[in-house]
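Chemist: Before we start, here is the structure in question, set down as structure tokens.
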Amino acid sequence: MSPEQFLARVAKNPPAPAYLFLGQEGYQRRVCKDALMQRVLTPETRADGVTQTDLENSSISEILDDARSLSLFATERVIWVSSAELALPRRLASSAEDGEEGERPSGASIADYLKQPTPGTVLVFECSRYDFTGEDKPKLERVAKFYSAIPAVVEFRNFTPELSRALAQDLAKKHGLKLGAAELAVLLDACAGDASRLASEIEKLSLYVDAGRPVTMDDLRIMVPNAAQSTIFSLVNALGKRDRVGALRSLDILIREGEYLPLALTFLSTQFRLALAAKEARINSVPQAVSFFTNMGVRIWRDRAEQVMGTATAFTKEHLAKATAAIYETDKKLREGYKDDRVIMETLVFALTAEAWSRSLRYPVCR
């Protein structure tokens with residue numbers, strides 16, 4: 001079941017005797033954990049009613065024995081078991097026969113307990129080590145098979161870019177923050193869409209920004225780690241649109257703030273490479289770009305996809321290839337220690353924002 005389904009069931013029905021929590025996404029897992037604690041325990045019994053344990057230090061048989069025993073201090077209990085994957089044989093890639101021999105005793109003991117669970121006691125086995133994609137997928141499937149006796153399984157999958165944006169908007173509304181589209185895009189980029197970080201940064205901003213005042217880029221630059229890169233994104237976006245004045249303004253801010261210019265070039269190079277890839281694949285819309293890069297394993301937000309498509313529209317395929325080469329040469333000059341970095345970067349800006357390009361982009365050597 002999804003976290004939303006879990007929350008709905010816990011709110012309306014008595015909790016199940018045991019749950020299996022799977023996945024790395026931490027924000028929804030924390031929300032579900034809090035909801036379960038509030039459903040099972042009262043504020044007075046919470047101190048004595050929660051048992052936190054880890055399979056690194058305990059065995060499943062010991063945990064089940066604890067669950068069967070009645071507490072002298074609490075009639076309702078939650079036993080939270082971390083590192084659930086450690087109950088499996090160490091070699092997850094072992095043969096099916098070996099796996100079955102190692103798994104049967106613990107799996108059977110869980111099934112036996114669930115036939116007659118202790119009233120008022122809820123067991124939660126948590127596996128947050130593996131994800132649902134890539135090399136982790138078969139490992140997570142093996143964990144699910146091991147705990148197949150537990151019917152209530154909650155899957156905590158990573159947020160999609162769209163869900164991250166929706167969550168940020170909901171949290172901002174909850175905290176009374178006024179986040180504009182540009183500020184929201186920078187916040188999502190700075191947090192890489194991570195739900196837990198979004199919640200933390202929005203809470204910090206709500207304490208810093210005066211009530212009723214919109215959140216500004218300066219607020220983000222001060223309060224949110226990595227948000228100082230917003231000026232770099234502004235430079236990248238301006239160059240992608242061939243906005244020479246805007247690009248020079250952003251470059252001036254970066255130089256005055258002492259920003260590491262090769263970092264700006266790294267973002268710029270990524271922008272043009274993605275635009276070139278979109279051009280070669282004949283991508284014509286932002287949704288197509290999001291789908292295309294996601295299938296390639298590149299996690300991209302809608303705002304970022306809009307920037308990439310804007311760059312792909314502003315430049316021809318030939319110009320994008322030349323721009324990528326020009327950025328590489330500029331980065332090389334910066335790293336080789338030429339005296340005036342500003343002249344080198346301004347030369348690149350003038351070249352990328354020129355209406356007509358020569359057959360090859362060449363830059364004067366600045367010593």
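Chemist: Restricting to the range 239-295, count the residues that are at positive phi and modelled with pLDDT of 80 or more.
Modeler: Here is the first cut: in the range 239-295, the residues at positive phi are 242, 258, 282.
After this cut, where a residue has to be modelled with pLDDT of 80 or more as well, the list is 282.
Adding up the residues that qualify gives 1.
Chemist: Can you name every residue in the range 146-171 that is without any contact (Cβ under 8 Å) to a residue 40 or more places away in the chain, part of a helix (DSSP H, G or I) and either of a type outside the set (A, V, I, L, M, F, W, C) or closer than 25 Å to A18 by Cα (or both)?
Modeler: Q169, D170
Chemist: In addition: For the range 1-87, list the helices (runs of 4 or more DSSP H) that sit wholly inside it and hold at least 2 residues that are in the same structural domain as P119 (by TED's automatic domain parsing) and more than 26 Å from L171 (Cβ to Cβ); which are they? Can you show your working first?
Modeler: Working: elements: 3-12, 26-40, 46-49, 60-68.
By residue number, 46-49, 60-68.
Chemist: So which of I150, I202 ends up being under 15 Å from R221 (Cα atoms), touching a Leu at 6+ places or on another chain (Cβ under 6 Å) and of a type in the set (A, V, I, L, M)? Please lay out each step first, then the result.
Modeler: Details: I150 fails: under 15 Å from R221 (Cα atoms).
So the residue among I150, I202 that is under 15 Å from R221 (Cα atoms), touching a Leu at 6+ places or on another chain (Cβ under 6 Å) and of a type in the set (A, V, I, L, M) is I202.
Chemist: Let me ask another. For the range 10-25, which residues satisfy the criterion of being surrounded by 16 or more Cβ atoms within 10 Å (Cβ to Cβ) and over 16 Å from G120 (Cα atoms)? So that I can check it myself, show each step before the final result.
Modeler: Taking the range 10-25 first, the residues surrounded by 16 or more Cβ atoms within 10 Å (Cβ to Cβ) are 10, 15-25.
Across the range 10-25, the qualifying residues are L20, F21, L22, G23, Q24, E25.
Chemist: Shifting gears a bit: Working only within the range 50-89, note down all residues that are at pLDDT below 80 and more than 32 Å from the chain's Cα centre (by Cα).
Modeler: L70, S71, L72, F73, A74, T75
The values are calculated or read from the model by the stated rules, or taken from the named source; none is laboratory data. Quantities reported herein were computed from a predicted structural model and do not represent experimental measurements. Here the Cβ is made from the backbone with ideal geometry for all residues, glycine too, and neighbour counts use every protein chain on show.
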